[in-house]
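J.: Here it is, the structure, as structure tokens.
The numbers here are math on the coordinates, done by the rules we state, and not lab data. Just so it is clear, the structure is predicted and the values come from calculations on it, not from any experiment. Quick reminder, even Gly has a Cβ in these numbers, built from the backbone with ideal geometry, and neighbours come from all protein chains shown.
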Amino acid sequence: MTNLMGYSIVSMILFSIGTIGVISRRNIFIIYMSIELMLNGINLFLVTFARYHFNMDGQILAMMTIAIAAAEAAIFLSVIILLFRTKKSLDTNIFNKLSKETK
Amino acid sequence: MISDIIFIGLSFFAIAGALTMIFHTIPIYSALGLLISVLSIAGLFALLSATFMFMVQIIVYAGAIMTIILFILMFLNIKEENLPKEPKKNLYIIVGFILILPINYLIIKSISLLPDSNMNIVQENFGGIKEFGIKLYQEWLIPFELISILLLVALIGAVVLAKQRTIKKIKND
């Protein structure tokens, strides 16, 4: 089980669950957590191939992905706080201010 | 043999946490499911003999990011009427499952063409903090510095976004 195929299947399942969460849910928190899950699946892929080729570049790329995810968390959560203060809802369908003309 | 059993257990918990995350309607249960998934992925990193990545995953993901998510969830005081109503959630999940199948088939088929290799835990000269630091500061120095600039920009952006906007209100009055 602990060969390349097993790890690849697990990381593809995690990435797919994240994608399904992004395209099917409407709660903005769940969409954010699905994006985090997709990043985690790709990290698992990178670390798997680093072990497969016995080369540590993949692990360094995975660490940079984690740093970018931390920066994304700060910005995304402050945007969520701003939107929740003005709209009092977590629905993504009412956050369509940019797609309509303002009066 | 033992690593097989650990691998199956950790993968089961990672996938079960992820499924919990997308099927629950209450956000705090979803956050706890994601926490279980992230910790299981940290265990898989340790099984791949990436000890420093195991540490970073636990400290940064489970320690910092998940704590911020749970803190914001409690801070916002979300009630039942603030949540969106999703009557067709299961239908959309099935449609998404069908849409995502072809790319999975493609990637698994292309990986099955690669030669298989034994992926035991190695003990020396791989994945530790010393080798990681040498690699990072010798070959990846410029991307590392750019990442620090990115984190600074994110810090300033979060402060600017979260501050109270009072000047505009006074002008309108």
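J.: Please state the equivalent ellipsoid semi-axes for chain B: what are the square roots of 5 times the Cα gyration tensor eigenvalues, largest first, in whole Å?
T.: Working: eigenvalues 259, 156, 58 Å².
Largest first, chain B gives 36, 28, 17 Å.
J.: Taking springs between alpha-carbon atoms closer than 10 angstrom, which of B:Met55, B:Met66, B:Met119 fluctuates most in the Gaussian network model of chain B?
T.: Most flexible of the set in this elastic network: B:Met119.
J.: A further question follows. Roughly how crowded by other chains is peptide B:75-81, in terms of the mean Cβ count from those chains within 10 Å of each of its Cβ atoms?
T.: 3
J.: Points 7 angstrom from Cα along the Cβ direction at B:Glu81 and A:Phe95: gap in nanometres?
T.: Each label point lies 7 Å from its Cα, and together they span 2.2 nm.
J.: In nm, what is the difference between 0.36 nm times the number of residues separating B:Gln164 and B:Asp4 and their Cα-Cα distance?
T.: Between B:Gln164 and B:Asp4, full extension yields an extra 52.3 nm.
J.: Between B:Gly43, B:Gly96, B:Gly133, find the one with the highest GNM mean-square fluctuation for chain B; connect C-alpha pairs within less than 10 Å.
T.: B:Gly96
J.: What are the semi-axes of the equivalent ellipsoid of the range A:4-98, taken as the square roots of 5 times the eigenvalues of the Cα gyration tensor, listed largest first and rounded to whole Å?
T.: On the way: eigenvalues 204, 49, 9 Å².
Listed largest to smallest, the semi-axes of the range A:4-98 are 32, 16, 7 Å.
J.: In the range B:83-173, what trypsin sites (Lys or Arg not before Pro) fall in a loop by DSSP, with at most 12 other Cβ atoms inside 10 Å?
T.: Here the trypsin sites (Lys or Arg not before Pro) that fit, given the DSSP loop and packing criteria, are B:Lys85, B:Lys88, B:Lys163, B:Arg165.
J.: Using just the helices of chain A, give the 222 nm mean residue ellipticity in deg cm²/dmol: DSSP H runs with n ≥ 4 each add -39,500 (n - 2.57), and the total is spread over all residues, rounded to 500.
T.: Working: 3 runs with 78 residues, N = 103.
Theoretical 222 nm ellipticity from helices: -27000 deg cm²/dmol.
J.: Something else now. Which whole number gives the average count of other chain Cβ atoms within 10 Å of the Cβ atoms across peptide B:132-145?
T.: Rounded to a whole number, the mean comes out at 2.
J.: Follow-up question, since we're still on this one. For Cα pairs less than 8 Å apart in space and 6+ apart in sequence, what is the mean separation divided by the residue count of chain B, i.e. the relative contact order in percent? The partial results should precede the final answer.
T.: Details: 93 pairs, mean separation 32.3, N = 173.
The value is 19 percent.
J.: Do any GluC sites (Glu not before Pro) in chain A lie in a loop, going by DSSP, with at most 16 other beta-carbon atoms within 10 Å of their beta carbon, and if so which?
T.: Values: sites: A:Glu36, A:Glu72, A:Glu101; in loops: A:Glu101.
Passing both the DSSP loop test and the Cβ count: A:Glu101.
J.: Let me ask another. Most mobile of A:Arg25, A:Arg51, A:Arg85 per a Gaussian network model of chain A (Cα springs, under 10 Å)?
T.: A:Arg85
J.: Additional query: Any chance you could check the Cα centroid distance between the range B:38-82 and the range B:83-99 for me, in angstrom?
T.: Cα centroid to Cα centroid, the span is 25 Å.
J.: Please identify the chymotrypsin sites (Phe, Trp or Tyr not before Pro) of the range A:23-103 that satisfy two criteria: DSSP loop assignment and at most 14 other Cβ atoms within 10 Å. Which are they?
T.: A:Phe54
J.: Could you work out, for the protein assembly as shown, what percent of all Cα-Cα pairs fall into each 10 Å distance bin, beginning at 0 Å and stopping at the bin that holds the largest distance?
T.: 6, 26, 32, 23, 10, 3, 1, 0
J.: Please compute the average number of Cβ atoms from other chains found within 10 Å of each residue's Cβ in peptide B:53-66. Working shown, then result.
T.: Working: counts 12, 1, 0, 6, 7, 0, 1, 6, 8, 0, 0, 4, 9, 3.
Neighbouring Cβ atoms belonging to other protein chains average 4 per residue here.
J.: With axes computed from alpha carbons, what is the tilt in degrees of helix B:129-139 against the longest principal axis of chain B, rounded to the nearest 10 within 0 to 90?
T.: 80 degrees
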